[in-house]
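Below: the structure, in structure tokens.
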Amino acid sequence: MAKQFGAGDLRERVKFQKRGGTEDGYGNEVPGQWEDQFMRAAHFIMKPGSESVLAARLQGTQPVTMILRYDDQTRTIGTDWRAVDTRDGTAYAIRASADMDRKRQWWSLVCVAGEVA
């Protein structure tokens, strides 16, 4: 049986950001700065991390599943967004975003710390 979540399980505070952009005058979108969209309480489920070698250096990554309450704003989160832990400033790249239980109660995000550009 799957774990049942309640309001008391949402102990983390996360802000969600989307990259702004401008047009360069030639019809091309130029990526801008990360812009805050909204904040939510979340529950983190940490997964085993990994290390890969890039340019002869170890790069550590920490996969995390974030559980949020489902609402009109959380369902707009896409893989072009990022999540930032407000307590320690850790930025997470969002790899998947969906209503995993299909009940419109909880929104799940599959994220990775250490991969945000």
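The values are calculated or read from the model by the stated rules, or taken from the named source; none is laboratory data. Predicted, not measured: the structure shown is a model, and the values here were computed from it. Cβ atoms come from the backbone with ideal geometry, glycine included; neighbour counts cover every protein chain shown.
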Looking only at residues that are more than 15 Å from T79 (Cα to Cα) and charged (D, E, K, R) in segment 97-117, which one is modelled with the highest pLDDT? R104
Filter result (over 15 Å from G78 (Cβ atoms) and either among the acidic types (D, E) or modelled with pLDDT under 90 (or both)) within segment 12-29: E12, T22, E23, D24, G25, Y26, G27, N28, E29
Of all residues being within 9 Å of the chain's Cα centre (by Cα) and under 15 Å from K18 (Cα atoms) in segment 64-84, which is surrounded by the most Cβ atoms within 10 Å (Cβ to Cβ)? Just the residue, please. A83
Which condition does W34 not pass, out of (1) more than 12 Å from the chain's Cα centre (by Cα); (2) under 20 Å from G6 (Cβ atoms); (3) of a type in the set (A, V, I, L, M, F, W, C); (4) at pLDDT 90 or above, if it passes all the others? (2)
Residue check, R95 in a loop (DSSP other than H, G, I, E, B) and basic (K, R): no
